[in-house]
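Following this message is one structure expressed as structure tokens.
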Amino acid sequence: MVVAERPAVLNQIDRRIYDIGRDPAAQTSPLIEILQKVPSVSVDPQGRVRLLGQANVSILIDGQRPASADAVLRTLTGANIDRIEVMTNPGVQYGPVGTGGIINIITKQRTTPGVTGTLVATGETLGTYRLVLSPIWTVGRWTTSSNVTLSTQTSEDRSSSARDVFAAPGVVASHMDEFYLGETDARTVVGTLKFDFRLSDAQRFNLSLDAGTSTFDSDRRGRFVSPDAPLTDHAERSLGDIGINNTGVTLGYTRTGPQDGEELTLAAKVGVFGFPSSRDFSSDYVRAPSFNSAFRTVDDLDMDDQSLKVDYKRPLSGDRITTAGFSWERNGQTIDRSLQTLTGPALSSSRHIDSARNVTAVYGTLQFGLAGFTVLPGLRLEYQDFAIASAGTTGGNSGFDLYPSLHLDRPINDDLKLGLSYARRINRPDAQRLDPALNFSRALEASRGNPDLRPQTTDSFEARLDYTQPRWSLSATAYDKESQDLWTYFEERRPDGLIISTTINAGTASDRGLELSARGRLQEGFSYVSTVNLFASTKLVQERGTQRDRTDFAYTSSLQLEYAAPTHEGLEAEKIQLSVTYNGPRRFFQAESAPYVNANLTWRRPLTRRTTAVLTALNVFNNASGESRTLTDTFSETSRYDNRGSQLRLGLTYRLGVIP
């Protein structure tokens, strides 16, 4: 029997689909590491995901928005992932939230009769251990699948900074050096249980139950030394206990019609999420004990999500295809935040916030041929109602908005294909971004929301050329992203030394660039994937008390070199892969980040038909650290964040049940 091999990348009119199954490290790597190898995607040292250099990317799992994208990125492994869909200009059926675009993770769905699945165990030299069990049982029309992930991690991070405090813009009044050492113990248990029932050849029903809990215990110690003001020399310590809890139920129904390509899908979801946290902060002054202080913060964020979505797709006469849909989403948030003084000046306070956002939408698309192009316009009409209440004060907004999209494809010849697209996207502030109460991260550092924060909107234009040859392919994407009411961080230092960060609107911004991506085979067994993204970013910046528009050039790049040995005795191919990523320097409103490079080396070797071993050397250059500089009217600070350093990860994958 000959089985057709799925292409490594599939270009559709509104997305690119990447098959990660061939990647030797995918089975044992968390999603955050897998994304670093995907063209158009970059990940900074703090784990923030960008598409074509743009932040505010929406992460979806099987088309659904998870409670905590960060938790999913760090716990979901490639063993459970079928493919990754990248939509830099998404269509209207996905909703407009996320100005950076959408990454949709499609999990594996198997229907092989009997029991199948995988058991994956990984361990790292610096203290991370993970066990993932994913059995699937198919009997007749029923398929039952589950996924249980158990993980524990002990990590250490170091940071240092040099801070100058200004008496006037550019006039240094004092200098302080800061050194921080943090230790975190994390434990995660996540489980999913899915039931899939094929009512008939044309109808399918599924039910998914999700639950998970994560705890993070942290201990961070800091030392502050000032040669100019020795009375301010002090030590800080923060003890934190943070949790993430979620439960959810998803119902789905699919019915295919009598026409080829006709399909009706319904999906309903209910989820409840909790994010409790408690932190103790203390400051001990060496030469001025009367300044000593300690306080405790307790924050509880509870969220409840409900959604309903109906999609209908139907071919019309000729090459025309229409889709129509309805969606309703509700997100409720309750925030309880309190601060209690333990010693020192009285700082006690408490705050309670309730908010709810309802978004109702109808949308439609019509695909047709015109002058050699495949044309796919779409239009989404949304009505959103947002209400927020705190301390007897209420507020909010409501109204209609239109979100169009347009995608065009045309083959120029047998090897060359042209694609054009446009989409309008939005970021809406939630209760956390609007809440002006202080949220402490250190004794003298805090963030707060901005009650006056407006939504950020982005109009995105792209032109893409795909050139394909039997042994290699090249893709070029030119883009222009025009943002209004850009979100950016603003920092200020109060006279008492507290540094406060908040999100503000910083006018308009333009990001224009060109991404080049090439993949192919060098010779027998050797292959490569290389991506370079060059862009110019024009935005508002603040320099020594003056705000002005500034254009900066930046680039990111990635390279994977892989060797696959010939297969023998029915085993999978043994593979070796070197993966290198580079992020260039970036400039923001008050800050700039330094470039950094990261490299991983992976060796995958099948031991038997059922068992595969994967050995990965992470951060082989031992230089995956981040450096940034902040310049404000009242202070400047240069900070360095040292990541975990080089380490080894050993993973074992065992295939359950029937092996095709």
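May I ask you to evaluate 6.51 cos²θ - 1.76 cosθ + 1.60, the Karplus curve with θ = phi - 60°, for each residue of the range 556-562 and list the ³J(HN,Hα) values in order in whole Hz, giving x for glycine and proline?
10, 8, 8, 8, 10, 10, 9
Output the pairs from LYS37/LYS108; LYS37/LYS481; LYS37/LYS539; LYS313/LYS481 with a Cα-Cα distance over 25 Å in this structure; if there are none, say none.
Violating the 25 Å Cα-Cα cut-off are LYS37/LYS539; LYS313/LYS481.
Then there is this: With contacts defined as alpha carbon pairs under 8 Å and 6 or more residues apart, what's the relative contact order of the range 338-489 in percent?
For the range 338-489, the relative contact order is 15 percent.
Still on this model: Based on the alpha-carbon gyration tensor of the range 65-171, what equivalent-ellipsoid semi-axes (square roots of 5 times the eigenvalues) come out, in whole Å, largest first?
Result for the range 65-171: semi-axes of 40, 24, 9 Å.
Shifting gears a bit: Just by accessible area at a 1.4 angstrom probe, what is the order of ASP485, ASP70 from largest to smallest?
Output order, biggest surface exposure first: ASP70, ASP485.
Take LEU316 and ASP217, extend 7 Å from each Cα along the Cα→Cβ direction, and tell me the distance between the two endpoints in nm.
About 6.3 nm, to one decimal.
Could you calculate the FRET efficiency of ASP336 with TYR285 from 1/(1 + (r/R0)^6), where r is the beta carbon distance between them and R0 is 35 Å, rounded to 0.05?
0.65
So if each residue of separation counts as 0.36 nm, and I subtract the Cα-Cα distance between VAL597 and ASP185, what length gain in nm does that give?
Full-extension gain reported as 145.7 nm.
If the cut-off is 12 Å between C-alpha atoms, which aspartates and glutamates fall inside it for LYS575, apart from same-chain ones fewer than 8 positions away?
ASP23, GLU562
Between THR152 and ASN622, what is the spin-label point distance in nm, taking each point 7 Å from the Cα along the Cα→C-beta axis?
Each label point lies 7 Å from its Cα, and together they span 2.8 nm.
If you wrap a convex hull around the alpha carbons of the range 405-516, what volume per residue comes out, as a whole number of Å³?
143
Please turn the phi angles of the range 169-183 into ³J(HN,Hα) values with the Karplus equation 6.51 cos²θ - 1.76 cosθ + 1.60 (θ = phi - 60°), one per residue in order, whole Hz, x for glycine and proline.
x, x, 9, 7, 9, 7, 10, 9, 9, 10, 9, 10, 10, x, 10
With each pseudo-label sitting 7 Å past Cα toward Cβ, what's the LEU514-PHE490 distance in nm, one decimal?
Between LEU514 and PHE490, the label points sit 3.7 nm apart.
Could you please tell me the mean projected area of the C-alpha convex hull for the range 365-411, averaged over all directions and given in square nanometres to one decimal?
That works out to 4.3 nm².
In terms of Cα to Cα distance under 16 Å, which lysines are near enough to LYS269, apart from those fewer than 8 places away along the same chain?
LYS194, LYS309
Related question: Length gain on complete extension for the stretch GLU262 to TRP472, per 0.36 nm per residue less the alpha carbon to alpha carbon distance?
72.1 nm
Using modelled amide H (1.01 Å from N, peptide plane; none on Pro or chain starts), what sits under 5 Å from the amide H of LEU522, excluding residues fewer than 5 places away?
It is SER527, TYR528, by chain and number.
Amide H of LEU126: which non-local residues (sequence gap of 5 or more, or other chain) have their own amide H closer than 5 Å, using H built in the peptide plane?
LEU648
Between VAL298 and VAL249, how high is the FRET efficiency from 1/(1 + (r/R0)^6) when r is the Cβ-Cβ distance and R₀ = 25 Å? Nearest 0.05.
Efficiency at R0 = 25 Å is approximately 0.25.
Which cross-chain or sequence-distant (5 or more) residues have an amide H under 5 Å from the amide H of THR634, H modelled 1.01 Å from N in plane?
Here the answer is ARG493, since their amide H atoms fall under 5 Å of that of THR634.
Full extension from LEU231 to GLU572: what is 0.36 nm times the residue separation minus their Cα-Cα distance, to one decimal in nm?
Gain in length upon complete extension: 116.2 nm.
Treating the Cα atoms of the chain as identical point scatterers in vacuum, please give the log10 of the normalised Debye intensity I(q)/I(0) at q = 0.08, 0.11 Å⁻¹, two decimals.
For the chain, the Cα-only Debye profile gives -0.66, -1.32.
So, one more: Only bridges with both residues in the chain count here: give the DSSP antiparallel percent, nearest 5.
95
Using the Karplus equation 6.51 cos²θ - 1.76 cosθ + 1.60 (θ = phi - 60°), what ³J(HN,Hα) coupling, rounded to whole Hz, does each residue of the range 613-621 give in order, writing x for Gly and Pro?
10, 10, 10, 10, 9, 8, 6, 5, 8
The values are calculated or read from the model by the stated rules, or taken from the named source; none is laboratory data. Fair warning: this is a prediction, and the values are worked out from it, not measured in the lab. Glycine gets a Cβ as well: all are built from the backbone with ideal geometry, and neighbour counts include every protein chain shown. Quick note on the areas: whole protein, heavy atoms, side chains included, nothing else; ligands and nucleic acids left out. Shrake-Rupley method; radii C 1.70, N 1.55, O 1.52, S 1.80 Å.
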